[in-house]
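What follows is calculated from the coordinates using simple rules that are stated; it is not laboratory data. Predicted model only: the values in this text are computed from it and were never measured. Positions of Cβ are generated from backbone atoms using ideal geometry, with glycine treated the same way; all protein chains shown enter the neighbour counts.
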Amino acid sequence: MSTQHGNSDTKPPSGSGSRLYDLLCAEQPYWNRPSDADSTPWNFRESWKSSGAKGRLEKLLKESGNGVCADCGTPDPKWVSLTLGVFICIKCSGVHRSLGVHISKVLSVKLDEWTDEQVDVLVNLGGNNVANNKYEALIPENLKKPSPDSSNEERADFIRRKYEMLQFFDGNKHDPHSPQRTLSSSSQGSLSNLFGQDKRQYEKQPTRHRIGQKFRNSWGRRDSDHHKSVRKSNSLAGMVEFIGMIKVNVVKGTNLAVRDMVTSDPYVMLTLGQQSVKTRVIKNNLNPVWNESLMLSIPDSIPPLKVIVYDKDTFSHDDFMGEAEIDIQPLVAAAKAHERSEIQESMQLGKWVASKDNTLEKDGIITVTDGKVKQDISLRLQKVERGVLEIELECVPLTQ
């Protein structure tokens, strides 16, 4: 896809904006400067109120064992595996995502909205110490756990052996892939409801999990090929070094294509490198409003973000409803530059210029608002007769 990128003005802005302009023009902006960590707007160290789900979550983080990553010991973990009940760092969270949500469903402590029901699940699972007593009960004496400085290959190997292959698990306790068995009856219902809701959102019926890794030039997809690609890509995903996260809010679709008799049941698939996530299905709607946020890790190579819309079918393969690609490198470059700056005010950093050579419906403006670097994008779907998709992107650094 051909793209054009440019700043909002033809000459460098004056004042504080000029400092940011110079940073954006630098040849080698970098992602994180530890010495500047506490002085940049990217360091979101706001204090939470000590009430509600977030307040309870903060208290859990202060309990013994939860102040470091359950898998590598990195201090101050910002991510949680809701299914396993462990607090983990952002680097280990990337490996957990590659395991699949049936093993590890990953949420952000700060970026996701938490419910009391979700916090109840964490409380009943017991936290890092309880989980490690089960999943690391049989670690050989000559095997070292990963450290905060370990490579991604070392993390991926250990985490897969720990949670997927269960090589260190004490089998006399319970089935580790059924965490409900360790909970009270009320919490068993909570966990079942949480994941039951997710499944109902994503699928019309409990059939096969059709997550496509590549677009095939037809409306249908072969499930056998798909499952092979998922297993292969998940294995590779755990080996990739990440430089940050991208939060993708799929806002809405407009005038989407008809794939059933007079309507469609659309959902959106997002793919970044070897990772894929999807929205819930909205039934019988050609103008669906998802307003659903999904998280993906940004690989060091920064591939394009691929967006594909499908129509969910119950008795046949899901139908293709259009695709597009988003070049996220300008957004990442703006986030890197902003992290290095001392600018506090909201401002426009640049834009992805709409043209007949790309899929933009209008210019994709990159802004900084409340210390967050974002980009609003309106995409004309390709290889389909019609349809526009609106998406909001936010770049999240590894410090989160």
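Observations on the structure shown:
- Gain upon complete extension [Asn285, Glu392; 0.36 nm per residue less C-alpha separation]: 36.4 nm
- Between Ser301 and Phe315, the contour length at 0.36 nm per residue exceeds the Cα-Cα span by 1.2 nm.
- Listed values for the range 338-343 are Karplus-derived 3J(HN,Hα) couplings in whole Hz (6.51 cos²θ - 1.76 cosθ + 1.60, θ = phi - 60°), namely 5, 4, 7, 8, 10, 6, and x replaces Gly and Pro.
- Its relative contact order, with pairs defined as Cα atoms under 8 Å and 6+ residues apart, puts the range 99-172 at 38 percent.
- Whole-Hz ³J(HN,Hα) from phi, Karplus 6.51 cos²θ - 1.76 cosθ + 1.60, for the range 123-129, glycine and proline x: 4, 6, 6, x, x, 4, 5
- Charged side chains reduced to their Cβ positions (Lys and Arg at +1, Asp and Glu at -1) give the range 53-164 a dipole of some 60 debye around its Cα centre.
- Near Asp318, the amide H atoms lying under 5 Å from its own belong to Arg221, Asp313; only residues 5 or more places off or on other chains count, and H is placed 1.01 Å from N.
- Under 15 Å from a label point set 7 Å out along the Cα-to-Cβ vector of Ile365, the amide N atoms of the range 320-356 belong to 346-354.
- With the highest mean first, a sort of the peptides 90-100, 70-80 on other beta-carbon atoms found within 10 angstrom per residue produces 90-100, 70-80.
- Cβ-defined net charge surrounding Phe87, 13 Å radius [Lys, Arg +1; Asp, Glu -1]: 0
- q = 0.15 Å⁻¹, the range 242-396: log10 I(q)/I(0) [Debye, one scatterer per Cα]: -0.77
- Cβ-Cβ FRET estimate between Met261 and Ala53, R0 fixed at 51 Å, reported to 0.05: 0.75
- Over the range 242-396, Cα pairs under 8 Å with separation of 6+ residues give a relative contact order of 26 percent.
- The length gained by stretching the chain between Lys144 and Gln382 to full extension, at 0.36 nm per residue less their Cα-Cα distance, is 80.7 nm.
- Placing unit charges on the Cβ atoms only, positive for Lys and Arg and negative for Asp and Glu, gives the range 235-333 a dipole magnitude near 300 debye about its Cα centre.
- Calculated FRET efficiency for the pair Glu117/Glu342, C-beta based, R₀ 45 Å, to 0.05: 0.65
- HN-Hα J in Hz across the range 366-377 - Karplus 6.51, -1.76, 1.60, θ = phi - 60°, x for Gly and Pro: 9, 10, 10, 9, 6, x, 10, 8, 10, 8, 9, 10
- Stokes-Einstein D (µm²/s) once Rh is taken as the Kirkwood radius of the range 53-164 over alpha-carbon pairs, at 10 °C in 1.306 mPa s: 114
- Flagged links, alpha-carbon separation over 24 Å, of Lys78/Lys372; Lys278/Lys351; Lys105/Lys162: Lys278/Lys351
- Each Cα pair under 8 Å and six or more residues apart adds its separation to the average, and for the range 53-164 the resulting relative contact order is 30 percent.
- In the range 256-297, one over the average inverse separation of all distinct C-alpha pairs is 11.5 Å, which is the Kirkwood hydrodynamic radius.
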